[in-house]
Amino acid sequence: MPKPAKAPLPPNVRALAAVSFFADVSSEMVYPLLPFFVTTVLGGGAAVLGLIEGAAETTAALVKMVGGWWSDRLPRRKPLVVAGYALAALARPFVAFASTASHVLAVRLTDRTGKGLRTAPRDALLADSVDPAIRGRAFGAHRAADHAGAVVGPLIAIALLRWGGVDYRTVFLLSVIPGALAVLTLVFGVREPPRATASAKRLGAFSALDGTFVRFLGVIALFTLGNSSDAFLLLRASTLGVPVAMAPLLWVVLHVVKSAMSGPGGALSDRVGRKPLIAAGWIAYAAVYSGFAYATSPWQVWALFGAYGVFHGLTEPAEKALVADLVPADRRGAAYGWYNLSLGVAALPASLLFGFLWDAAGPGAAFVTGAAIALAATAMLTTIVRVRPAS
């Protein structure tokens, strides 16, 4: 009899991984170019960029809470997932028609509303589809595919910009193609496993979610206060001499490492536990942000982007698997909603704080502050969050 850790991943996991791959190809054809589009073409500053990205991610988090809670009440989660992917795929190309930063904000809010609607039901659907013994590996495979899409997307953008004879706006328009492929793969490739829906008495804000999970959410929110938008990493790269034309390639390096690390990171969390992986990842994050604070040359930026990918590979699958470990099966949608809400509620003040510190005291002060908050969150994670075995 094969060991659980070596069991094949179910078809749903593979299909959802393909969906995320195509969706991220679409998203990452656009996202790495936005900091420069907003700050150069449209004339916005770092604070404006922080407002756009912080508001977008906070909107996504609020909708994730609604989508996750709603999916627990419905007999099927898949329709919400389809609607979310479709909305984002349709909205994203409209960045091509933006003439002011406020137009970009409107598109980003719509795009992130779609992301919010789909994320918690999708993660709950994935958790419903696998045995707890391979839950970390399943989320690792899903995140690896997602990040692989984030490798392909910028490469397409680079090819179109450098050799295709097109501008930013045309790249944004063409992002609709992989977005449509994501929706089609989801509609025809994902099957919903049978499950129990949450009863009315279990649908309150934190009902059936114990103190350990609530403390975990608090620690996640604290960490996120020091985790501003990755758009600032691209902006920092440009201040250190990395050409704007190389930004998509820098994004590729980051996501190659993310993709390569997510599978092993998720599988390792099945063997050694979720919390040690998360703590190690947050310490790596603090080291990387400190590096960005004191970096002086372009080669250091490339190395730091690679190291930043290690942080993601260690933490993303472990965090998502830990959510499923800590809550009852019929409350997973709401639990993923609360998890993402904790990330998103802190995203706006995090990006606003980072942008303010950048403009007032320079990028070094902003990055050092982020690193200090990450270390404080790591200390809290190791002392106040007690994790029981997965079930």
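None of the figures in this text is laboratory data; all of them are computed from the coordinates on show. Just so we're clear, the structure is a prediction, and the values are computed from it rather than from any experiment. Here the Cβ is made from the backbone with ideal geometry for all residues, glycine too, and neighbour counts use every protein chain on show.
Could you give P(r) for the chain, binned at 10 Å from zero, as whole percent values over all Cα-Cα pairs?
Result, from short to long distances: 5, 24, 36, 25, 8, 1, 0 percent.
If the viscosity is 1.306 mPa s and the temperature 10 °C, what translational diffusion coefficient in µm²/s does Stokes-Einstein give for region 106-192 when Rh comes from Kirkwood over Cα pairs?
It comes out at roughly 104 µm²/s.
Can you tell which of ALA61, ALA307, ALA150 shows the greatest fluctuation in a Gaussian network model of the chain with Cα springs below 10 Å?
ALA307
Which value, in debye to the nearest 20, gives the size of the charge dipole of region 11-384 about its Cα centre, when Lys and Arg are +1 and Asp and Glu are -1 at the Cβ? Before the final figure, lay out each step's value.
Working: 30 positive and 20 negative charges, 172 e Å.
Value, rounded to 20: 820 debye.
Sorted by packing (mean other beta-carbon atoms within 10 Å per residue), highest first, where do 41-47, 69-75 land?
Working: 41-47: 16.6, 69-75: 19.7.
Sorting 41-47, 69-75 by mean packing, highest first, produces 69-75, 41-47.
Could you tell me the distance between the Cα centroids of region 235-267 and region 103-142, to the nearest Å?
21 Å
Note down the Stokes-Einstein diffusion coefficient of region 229-278 in µm²/s, whole number, using a Kirkwood radius over alpha carbon pairs, 4 °C, and 1.567 mPa s.
It comes out at roughly 102 µm²/s.
Using alpha carbon centroids, what distance separates region 289-357 and region 358-389, in Å?
11 Å
Over the chain, what is the relative contact order in percent, taking alpha-carbon pairs closer than 8 angstrom and at least six residues apart? Provide the component values of the computation, followed by the final result.
Values: 741 pairs, mean separation 116.9, N = 391.
Relative CO of the chain lands at 30 percent.
If I build a Gaussian network model for the chain, linking alpha-carbon pairs within less than 10 angstrom, which residue out of GLY68, GLY291, GLY153 has the largest mean-square fluctuation?
Maximum among the listed residues: GLY291.
Loop only per DSSP, at most 12 neighbouring Cβ atoms within 10 Å: give me the chymotrypsin sites (Phe, Trp or Tyr not before Pro) in region 134-187, ordered by residue number.
Values: sites: PHE139, TRP163, TYR168, PHE172; in loops: TRP163.
Counting only loop positions with at most 12 other Cβ atoms within 10 Å, the chymotrypsin sites (Phe, Trp or Tyr not before Pro) in region 134-187 are TRP163.
Just want the ordering: THR382, THR369, from fewest to most Cβ atoms lying within 10 Å of their own Cβ. Spell out each step's value before the answer.
Numbers: THR382 14, THR369 20.
Lowest count first: THR382, THR369.
Assuming a strict under-18 Å limit between Cα atoms, what lysine pair count do you get for the chain once near-sequence pairs (fewer than 8 apart, same chain) are dropped?
Lysine pairs, 8 or more places apart or on different chains, close enough: 7.
Which residue fluctuates the most in the chain, going by a Gaussian network model with Cα springs under 10 Å, if the choices are SER20, SER229, SER102?
Judging by the Gaussian network model, the answer is SER102.
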